[in-house]
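Heads up, the thing below is written out as structure tokens.
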Amino acid sequence: MKKKLKFSLVYGSTRKKRLGIRFVKFLKDQILKNGHTPYIIDPLENKLPLLDKRFDEYPSKSVPKNINAIQQKLGRSDAFIIVSAEYNHMPPPALINLLNYFYKEYDRKPSTICTYSVGDLAGIRVQSPLRAMMSQFGSPPIKHGMFQPKLLNNFDINGNPMDYKDAEKRFLLFFKELVWYAEALKFKRFG
């Protein structure tokens with residue numbers, strides 16, 4: 001029997017009427033359905049200030065609670081799913097800010113990029129900068145992800161897709177690959 005894996009869903013939008021949280025809820029539910037543990041890391045809930053220093057630069061007894069809570073989730077994770085919209089062809093600033101607070105937590109753990117938009121392009125232009133960033137952190141991005149166009153028309157507020165079979169098929173395309181890499185790299189990290 002394979003061991004349960006832990007996945008951090010790192011989400012980037014802080015807008016009040018954000019729609020991407022629907023996509024995050026769907027991804028979380030699918031991870032649970034496949035027998036694994038999801039952690040949602042949301043900058044709107046965690047209210048991180050603009051980066052002044054990384055987690056490792058704080059004295060151990062003075063790390064702010066919200067930064068420490070995120071670090072604990074990232075540190076326990078076996079893989080990362082970066083969920084991003086596209087703001088002017090780039091990832092949201094809150095997502096970049098959140099990711100940069102940490103470094104060693106990502107090392108030798110795989111990642112994937114899942115993007116969305118309310119239009120036709122599904123946020124695909126943020127793939128390249130996010131893949132480069134995760135590579136620099138030592139979190140190799142897998143080749144597949146899930147790209148969701150017309151989010152408002154395709155997912156309800158609870159994260160339920162209008163076409164469940166299609167959404168599940170596209171989820172499993174990247175998730176099976178991510179699980180494979182997560183298991184392989186976890187074995188190499190821990191033996």
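Identify, by number, the condition in (1) in contact (Cβ under 8 Å) with a residue 24 or more places away in the chain; (2) surrounded by 15 or more Cβ atoms within 10 Å (Cβ to Cβ) that residue 131 doesn't meet.
Among (1) in contact (Cβ under 8 Å) with a residue 24 or more places away in the chain; (2) surrounded by 15 or more Cβ atoms within 10 Å (Cβ to Cβ), the lone unmet condition for residue 131 is (1).
Inside region 32-45, can you point out the residues that are in a helix (DSSP H, G or I) and either surrounded by fewer than 18 Cβ atoms within 10 Å (Cβ to Cβ) or over 17 Å from the mean Cα position of the chain (by Cα) (or both)?
Of everything in region 32-45, those that are in a helix (DSSP H, G or I) and either surrounded by fewer than 18 Cβ atoms within 10 Å (Cβ to Cβ) or over 17 Å from the mean Cα position of the chain (by Cα) (or both) turn out to be 32, 33, 44, 45.
Would you confirm, using the coordinates I've provided, whether residue 173 is surrounded by 12 or more Cβ atoms within 10 Å (Cβ to Cβ) and touching a His at 6+ places or on another chain (Cβ under 6 Å)?
The answer is yes for residue 173.
With a cut-off of at least 2 residues that are at pLDDT 95 or above and over 16 Å from the mean Cα position of the chain (by Cα), name the helices (runs of 4 or more DSSP H) lying wholly within region 105-191.
The qualifying helices (runs of 4 or more DSSP H) are 151-154, 164-190.
Inspect region 33-49 for any residue being touching a strand residue (DSSP E or B) at 6+ places or on another chain (Cβ under 9 Å) and of a type in the set (D, E, K, R) and give the result as yes or no.
Scanning region 33-49, I find at least one residue that is touching a strand residue (DSSP E or B) at 6+ places or on another chain (Cβ under 9 Å) and of a type in the set (D, E, K, R), so the answer is yes.
Among the residues of region 58-89, write down those that are assigned to a strand (DSSP E or B) and either charged (D, E, K, R) or under 24 Å from residue 178 (Cα atoms) (or both).
Result: 79, 80, 81, 82, 83, 84.
Which residue is nearest to residue 7 (Cα to Cα), if the candidates are limited to region 76-92 and must be of a type in the set (S, T, N, Q) and in contact with a strand residue (DSSP E or B) (Cβ under 6 Å, 6 or more places away or on another chain)?
77
Out of the residues in region 1-20 meeting the condition of being buried (at least 21 other Cβ atoms within 10 Å of the Cβ) and not hydroxyl-bearing (Ser, Thr, Tyr), tell me which one is modelled with the lowest pLDDT.
12
The values are calculated or read from the model by the stated rules, or taken from the named source; none is laboratory data. The structure presented is a predicted model; accordingly, all values stated were derived computationally and were not measured. Here the Cβ is made from the backbone with ideal geometry for all residues, glycine too, and neighbour counts use every protein chain on show.
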